[in-house]
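Student: Just dropping this structure here.
The values are calculated or read from the model by the stated rules, or taken from the named source; none is laboratory data. If you're wondering where the values come from, they're calculated on a predicted model, not measured in any experiment. Methodologically, a virtual Cβ is constructed for each residue, glycine included, from the backbone with ideal geometry; neighbour enumeration extends over all protein chains shown. Protein only, heavy atoms only, side chains kept; ligands, DNA and RNA dropped before computing areas. Shrake-Rupley method; radii C 1.70, N 1.55, O 1.52, S 1.80 Å.
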Amino acid sequence: MVSNISRRSYDHRNEKMLTTVLIELLERHVPDIEIEVTEGKIDQLRGSDLKIKSNKIFDDDDYHVVDTKAAQDYYAVEGESGLLTFAMELGSIQRNQFQEGWAISKDVDGYYSATEYYLFQWIFVKDKSLGLIKENISSIEIKVVPKKEIYKLVNNPREFLIKNQLLTDIEIGYPIREISTRVENLYKYMAEKYEESIDGITEKTFKITNLQYEKKNKNLYLSPICLENVSYKGPKIVYTSPEKKVEAPLNMTVSKYLLDKISIYKDKLRIDENQVFSIYN
């Protein structure tokens, strides 16, 4: 079993490697791009991984603070469709206490406060058996999305979908509204319901007081669009057991389709067969 410390070390190494690959690919595919890597720990904690200037991406000539997010646990073989969603973090347990996630944080001068844009990444490799190593990466699919749009989406998903004409059936049942005002209570609620679900509930899909849940692979799912029907199409709230991930995150999964609707830039950054990555120290 992999320890929490070794897992964090593994994730950190992968993040550094993926940032190196991402920068090389962006510089190769976006001719006018200028990138500065954020080095300061405080700035990193405030949600700055890169500062990027590109008229092609942002339609201006300013530097913008970008937080890079990669689905590094779910890389796919080139040619496959890969993961069709991305997990937006609502909260987790850090140092034995609840911490608000980056997607819903309202902090104006602390964690995640500096971010202007998220750069979401889906990784594709040549050979799944070789794992996530630099030489095995074949392409990275990216979407650049304003932070304010992600916040609107995860804070009140049904209202967001209606305003963007992506949901017309407004009488489908009860949604969760203003998640930002109740995210810690929502976290505690989902954790409690997960514990209830493992004590005698064997069904994959079940109801408690008219709310329908789905239990799968140590995760508990709930629809924020329609609390009575977990299968309703759209974003899903997902609580993950600490048995699976020690930080027990609460996420909202959002489809690529929705992210396409609010992205300002998207591309599939491919690596040529004969390209060899430079070595970064």
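Student: Residues in the range 65-111 that are within 20 Å of V144 (Cβ to Cβ), of a type in the set (A, V, I, L, M) and part of a strand (DSSP E or B): how many?
Tutor: Total meeting the criteria: 5.
Student: Determine the pairs where a residue that is free of Cβ contacts under 8 Å to residues at least 40 places away in the same chain, located within the range 37-64, has a partner that is surrounded by fewer than 19 Cβ atoms within 10 Å (Cβ to Cβ) and of a type in the set (K, R) with Cβ atoms under 8 Å apart, the partner being 6 or more residues away or on another chain.
Tutor: Listed by first residue and then by second, the contacts come to T38/K51; D61/K53; D62/K53; Y63/K51; Y63/K53.
Student: In addition: Against the definition (of a type in the set (G, A, S) and either more than 30 Å from L22 (Cβ to Cβ) or assigned to a strand (DSSP E or B) (or both)), how does S180 come out, yes or no?
Tutor: So S180 fails the test.
Student: Additional query: State yes or no: is E243 open to solvent by 30 Å² or more (accessible area, probe 1.4 Å), within 29 Å of E15 (Cβ to Cβ), not β-branched (V, I, T) and not in a strand (DSSP E or B)?
Tutor: Spelling it out, E243 is indeed open to solvent by 30 Å² or more (accessible area, probe 1.4 Å), within 29 Å of E15 (Cβ to Cβ), not β-branched (V, I, T) and not in a strand (DSSP E or B).
Student: Taking the range 101-130, which residues are touching a strand residue (DSSP E or B) at 6+ places or on another chain (Cβ under 8 Å) and either at positive phi or of a type in the set (V, I, T) (or both)?
Tutor: If the condition is that a residue be touching a strand residue (DSSP E or B) at 6+ places or on another chain (Cβ under 8 Å) and either at positive phi or of a type in the set (V, I, T) (or both), then I104, Y112, T115, I123, V125 are the ones that fit.
Student: Checking the condition basic (K, R), open to solvent by 50 Å² or more (accessible area, probe 1.4 Å) and at pLDDT 95 or above, which residue from K69, K41, K56 passes?
Tutor: K56
Student: Only one of G173, G200 is in contact with a Cys (Cβ under 7 Å, 6 or more places away or on another chain), open to solvent by 20 Å² or more (accessible area, probe 1.4 Å) and more than 22 Å from D107 (Cα to Cα); which?
Tutor: G173
Student: Further, regarding this structure: Could you please tell me which pairs satisfy a Cβ distance under 6 Å, a separation of 6+ or placement on different chains, a first residue in the range 121-144 that is touching a residue at least 12 places away in the same chain (Cβ under 8 Å) and hydroxyl-bearing (S, T, Y), and a second residue that is open to solvent by 10 Å² or more (accessible area, probe 1.4 Å) and assigned to a strand (DSSP E or B)?
Tutor: Short answer, once both residue conditions are applied: S138/E78; S139/K268; S139/R270.
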